[in-house]
1. Test each condition in (1) part of a loop (DSSP other than H, G, I, E, B); (2) among the small types (Gly, Ala, Ser); (3) surrounded by 11 or more Cβ atoms within 10 Å (Cβ to Cβ) for Ser4 and report the one that comes out false.
2. Going through segment 81-120 one residue at a time, which ones are of a type in the set (Gly, Ala, Ser) and under 28 Å from Glu39 (Cα atoms)?
3. Quick test for you: out of Tyr45, Tyr2, pick the one residue that is in contact with a Ser or Thr (Cβ under 6 Å, 6 or more places away or on another chain), of a type in the set (Ser, Thr, Tyr) and modelled with pLDDT of 90 or more.
4. So, restricting to strands (runs of 3 or more DSSP E) that lie completely within segment 10-123, which ones have at least 3 residues that are among the hydrophobic types (A, V, I, L, M, F, W, C)?
5. Please state which one of Thr76, Thr96 is under 26 Å from Ile11 (Cα atoms) and of a type in the set (S, T, N, Q).
6. Against the conditions (1) in contact (Cβ under 8 Å) with a residue 24 or more places away in the chain; (2) open to solvent by 50 Å² or more (accessible area, probe 1.4 Å), where does Lys41 fall short? Just the number, please.
7. Report yes if Tyr26 is surrounded by 13 or more Cβ atoms within 10 Å (Cβ to Cβ) and among the aromatic types (Phe, Trp, Tyr), otherwise no.
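The values are calculated or read from the model by the stated rules, or taken from the named source; none is laboratory data. Because the structure is predicted, anything quoted here is derived from the model rather than measured. As a convention, Cβ positions derive from the backbone with ideal geometry for all residues, glycine included, and neighbour counts pool all protein chains shown. With ligands, DNA and RNA removed, areas are computed over all heavy atoms of the protein, side chains included. Shrake-Rupley method; radii C 1.70, N 1.55, O 1.52, S 1.80 Å.
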Amino acid sequence: MYVSVNKKNEIKEVGVSTNPSLTSLYIDDEENPFEGWSEAKICCYKVHIKDGIVMMMTPYVDSRLLEHFDQIGIATEINAENIDGNSDAILETYETGIETAETVAALEDAVLEVYELLVESEE
């Protein structure tokens with residue numbers, strides 16, 4: 001797991017950052033204290049990491065607010081997953097609609113051909 005910290009070692013992002021003012025640090029700790037936490041809650045902490053091990057962690061926001069940040073973070077992450085799922089379903093529906101339209105067009109062409117054959121045979 002990567003966390004990106006500012007000069008005060010406050011976690012500002014979870015993951016590798018492209019922000020030049022942040023330093024990305026890798027946590028290679030079997031007992032990662034942030035495992036299973038929401039990104040919002042993780043971003044409330046300062047850390048000191050040495051050789052991939054979290055040596056120190058402490059909240060830099062009022063600890064009475066941590067649970068609220070966590071609840072909001074969890075809801076945000078669930079909503080993001082649901083949005084991704086809905087986007088995939090919409091794309092599938094669109095593709096199915098295109099295939100159906102192509103099938104209908106092919107059927108219309110076939111009916112037109114049959115109609116022309118019937119008209120020609122009556123003449």
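1. Only one criterion is unmet by Ser4, namely (1).
2. Gly85, Ser87, Ala89
3. Residue meeting the stated conditions: Tyr2.
4. Details: elements: 11-14, 23-26, 45-50, 53-59.
In segment 10-123, the matching strands (runs of 3 or more DSSP E) lie at 53-59.
5. Numbers: Thr96 fails: under 26 Å from Ile11 (Cα atoms).
Only one candidate passes the filter, namely Thr76.
6. Every condition holds for Lys41 apart from (2).
7. Working: surrounded by 13 or more Cβ atoms within 10 Å (Cβ to Cβ): no; among the aromatic types (Phe, Trp, Tyr): yes.
No; evaluated as a whole, the condition is false for this residue.
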